[in-house]
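Here is the structure we will look at, set down as structure tokens.
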């Protein structure tokens with residue numbers, strides 16, 4: 001009984017940490033020198049995943065895809 005309770009609480013902690021990581025991922029995409037809204041980030045992701053044309057400037061797309069995302073992934077891999 002005690003072992004099951006420990007496993008359930010470990011799963012809860014892992015789930016909460018994962019949710020916090022996803023939240024911080026999106027917050028990190030919004031923060032930076034250039035103001036980028038959540039709608040812009042979603043638009044860029046949607047256009048990349050669906051293969052459709054994005055209406056945003058190429059600079060905004062480049063900042064999200066080529067600058068911020070690699071930095072965020074590197075920080076997540078390093079653990080910072």
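Values in this text are rule-based calculations from the coordinates and carry no lab data. Keep in mind it's a predicted model, so treat the numbers as computed, not measured. Neighbour counts run over all protein chains shown; Cβ positions are idealised from the backbone, glycine included.
Taken over segment 32-54, the criterion of being touching a helix residue (DSSP H, G or I) at 6+ places or on another chain (Cβ under 9 Å) and loosely packed, with under 10 Cβ neighbours inside 10 Å is satisfied by 33, 53. Tell me yes or no: at least one residue of segment 11-24 is in a helix (DSSP H, G or I), surrounded by fewer than 12 Cβ atoms within 10 Å (Cβ to Cβ) and touching a residue at least 40 places away in the same chain (Cβ under 8 Å). So far as segment 11-24 goes, yes, one or more of its residues are in a helix (DSSP H, G or I), surrounded by fewer than 12 Cβ atoms within 10 Å (Cβ to Cβ) and touching a residue at least 40 places away in the same chain (Cβ under 8 Å).
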